[in-house]
Amino acid sequence: MKNLINLLGQLGLTEYQSKVYATLISYGSLTAKDIAQKSGVPTPKVYTALEDLEKRAIIAYYPSYPKRYSATNAELVLRRLLDEKREKIHDLTHNVEEIMGNLDKYKKPAPLEKELESYVWVAQGYKEALLRASDMVKNAKKEVLMATGTFTISPQLSAALRKAIKTNNIDVKVIGPKNPNALKNVEQYTKIGCKARFTDFSNEHPRMLLIDGKFSALRIGKDHVHLIVDDPGFGIMARNCFMALWNAGEEVKKQ
């Protein structure tokens, strides 16, 4: 029943509503007292949840004493909840895209000392770095260059790179040192269409992600602190550094 309760929550029901409705689906016609016993929801909360579910035409009751409630037409109700969720997501998508196209009108004039923040900032954390890398790749127009230590890849980054290559025809190059972890992981890149090379550098070589020669993310130190720079001049220097490593590297053959 736990999976059903979680699904109902994703479809927009509250925790108590989900537990009450899942109990009715599982056990059939029940009184409020029965529902409280089987669901673990406090009796006063059961009555509130039943009232809310009834208003939304999710459940029905029999005019007996005491009242008995039932999850009538559960399949139809679940489809309706799914359609409502889809509609909300559609509306949300439209609203987000509209705001994204008009972000400038929401921005306040920044003090001069704040201008640097518009093109240089810092991010910290391994998972955050992978998520930011995925977002950067999604915005690429022509080129993605990556220098890694072990050729580690997350599902989100893999999906973003695959789409960049297969759908948007973007050139993706990845370099890293030839160590045991790299030998084990590099195929995760080559099998989705990335070009890969091994460098002669140790694990101390630069970690970077460059997008279209402009947007750069550089790892600083060993604590997953990343300097993110949105500047074409800096991007040119970073790209020159990457290409020097790439041209001297050993090509990885696809398995």
Per the filter on the stretch 120-156, residues within 21 Å of Gly213 (Cβ to Cβ) and hydroxyl-bearing (Ser, Thr, Tyr) are Ser134, Thr148
Filter the stretch 1-26 down to residues that are closer than 17 Å to Lys85 by Cβ, part of a helix (DSSP H, G or I) and in contact with an Asp or Glu (Cβ under 9 Å, 6 or more places away or on another chain), then give me how many there are.
3
Taking first residues from the stretch 66-81 that are touching a residue at least 12 places away in the same chain (Cβ under 8 Å) and second residues anywhere that are of a type in the set (Phe, Trp, Tyr) and not in a loop (DSSP other than H, G, I, E, B), the pairs with Cβ under 8 Å that are 6 or more apart or on different chains are Lys67/Tyr61; Arg68/Tyr61; Arg68/Tyr62; Tyr69/Tyr61; Tyr69/Tyr62; Ser70/Tyr61; Ser70/Tyr62; Ala71/Tyr21
Please specify each residue of the stretch 147-164 satisfying the condition of being closer than 23 Å to Pro180 by Cβ and in contact with a Lys or Arg (Cβ under 7 Å, 6 or more places away or on another chain).
Ala147, Thr148, Gly149
Condition first: in contact with a Lys or Arg (Cβ under 8 Å, 6 or more places away or on another chain) and free of Cβ contacts under 8 Å to residues at least 40 places away in the same chain. Now tell me which residues in the stretch 122-146 satisfy that.
Lys138
If we scan the stretch 119-129, do we find a residue that is of a type outside the set (A, V, I, L, M) and either at pLDDT 80 or above or over 18 Å from His224 (Cβ atoms) (or both)?
yes
Out of the stretch 50-72, which residues are under 17 Å from Leu30 (Cβ atoms) and exposed (fewer than 14 other Cβ atoms within 10 Å of the Cβ)?
Glu51, Glu54, Tyr62, Pro63, Ser64, Tyr65, Pro66, Lys67
Say whether the condition of being at pLDDT below 80 and among the small types (Gly, Ala, Ser) is met by at least one residue in the stretch 221-242.
yes
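Please tell me if Asp91 is free of Cβ contacts under 8 Å to residues at least 40 places away in the same chain, within 22 Å of Leu7 (Cβ to Cβ) and among the acidic types (Asp, Glu).
Yes; evaluated as a whole, the condition is true for this residue.
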Answer with yes or no whether Leu161 is surrounded by 16 or more Cβ atoms within 10 Å (Cβ to Cβ), at pLDDT below 90 and within 16 Å of the chain's Cα centre (by Cα).
no
The stretch 27-49, residues that are part of a helix (DSSP H, G or I), surrounded by 15 or more Cβ atoms within 10 Å (Cβ to Cβ) and among the polar types (S, T, N, Q):
Ser39, Thr48
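The values are calculated or read from the model by the stated rules, or taken from the named source; none is laboratory data. In this text, all values refer to a predicted model and were calculated from it rather than measured experimentally. Reconstructed Cβ throughout: ideal geometry from the backbone, glycine too, with neighbour counts over all protein chains shown.
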